[in-house]
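Read the figures in this text as sums done on the coordinates, not as results from a lab. Everything numeric here is computed off the predicted structure, so don't read it as measured data. We place every Cβ from the backbone using ideal geometry, glycine too, and count neighbours over all the protein chains shown.
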Amino acid sequence: MTLNVMVLENEPDAAAIAEQELRAAGHNVLSCHDRATAAFPCRGVAQPSMCPLDTHAVDVALVVRAGTRAQPTLGEDGARCALVHRVPLVVAGTPLFDPFDEFATRTIDRTYDVVDACEQAVEAPIASLGERATAVLHDVLGPSTAADRATAVVHRTAHGLDVQIRNGGAMTKDERSRAAVRIVMALRELDPFSVRIDVAVSDL
């Protein structure tokens, strides 16, 4: 699978090796900034139609951090946008004083050998959305046998969000329909950018 990876760096050329690795693995590298220009303004500010998050279905954002800095630099401003869009975030570099630590899907303590971490982040479920979807699901089911086991897991794909209700075999047709509608509404509040949100029920 070819990924669209939005690469950010806290200083010029910090991500040079990581970008080479990603391209060698067959992935597309996207950037918020032109290397020949200043970190501000980013492409999206200078020309909104050129923002990578608007021109591509970004699968994962990679922040490469050289050295130790407690505050994000202008070159890393796209990480905020990625998080708002609920794009998985991978942080590569020294973990000390990492300002993105609690928001990252994956963190690695180096600025190279990043491909596996990016691929794993894309495959990982989105915990915050899964928790919200599960809460809505249990609210719909109430104190029933179905609610004791059913959970919701959310993954991002190139086309939006895929929600899988697991252990939903005891749910009635009406419960499945109501849960799907309410889960879509709840997730749309948290993620207004996804083109679509699909809900499927699994017996297992």
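Looking at segment 31-65, which trypsin sites (Lys or Arg not before Pro) are in a loop (DSSP not H, G, I, E or B) and have at most 12 other Cβ atoms within 10 Å?
Arg35
Given the C-alpha atoms of segment 65-166, compute the convex hull and give its volume per residue in Å³.
About 122 Å³ per residue, rounded to a whole number.
Nearest 0.05, what FRET efficiency do Asp139 and Arg35 give at R0 = 35 Å with Cβ-Cβ as r?
0.10
Starting from the Cα gyration tensor of segment 14-53, take the square roots of the eigenvalues, sort them a ≥ b ≥ c, and report rounded, prolate or oblate (rounded when a/c is under 1.5, otherwise prolate if a/b is larger than b/c, else oblate).
Values: a/c = 4.06, a/b = 1.75, b/c = 2.32.
Oblate.
Just grab the label-to-label distance for Glu131 and Phe103, each label 7 Å out from Cα along the Cβ direction, in nm (one decimal).
Label-label distance for Glu131 and Phe103, simple model: 1.6 nm.
Between rounded, prolate and oblate, where does segment 1-117 land on the alpha carbon gyration tensor, with a ≥ b ≥ c its root eigenvalues, rounded for a/c under 1.5, else prolate if a/b exceeds b/c?
It is rounded, given that a/c, with a ≥ b ≥ c, falls under 1.5.
Averaged across orientations, what area in nm² does the convex hull of the alpha carbons in segment 50-96 project?
For segment 50-96, the mean projected area of the Cα convex hull comes to 3.5 nm².
Given 37 °C and 0.692 mPa s, how large is the Stokes-Einstein diffusion coefficient of segment 127-201 in µm²/s, with Rh as the Kirkwood radius over Cα pairs?
Rounded to a whole number, D works out at 272 µm²/s.
Rank the residues Cys42, Cys118 as a footprinting-exposure proxy: fewest other Cβ atoms within 10 Å of their Cβ go first.
Ordered from fewest to most neighbouring Cβ atoms within 10 Å, Cys42, Cys118 come out as Cys42, Cys118.
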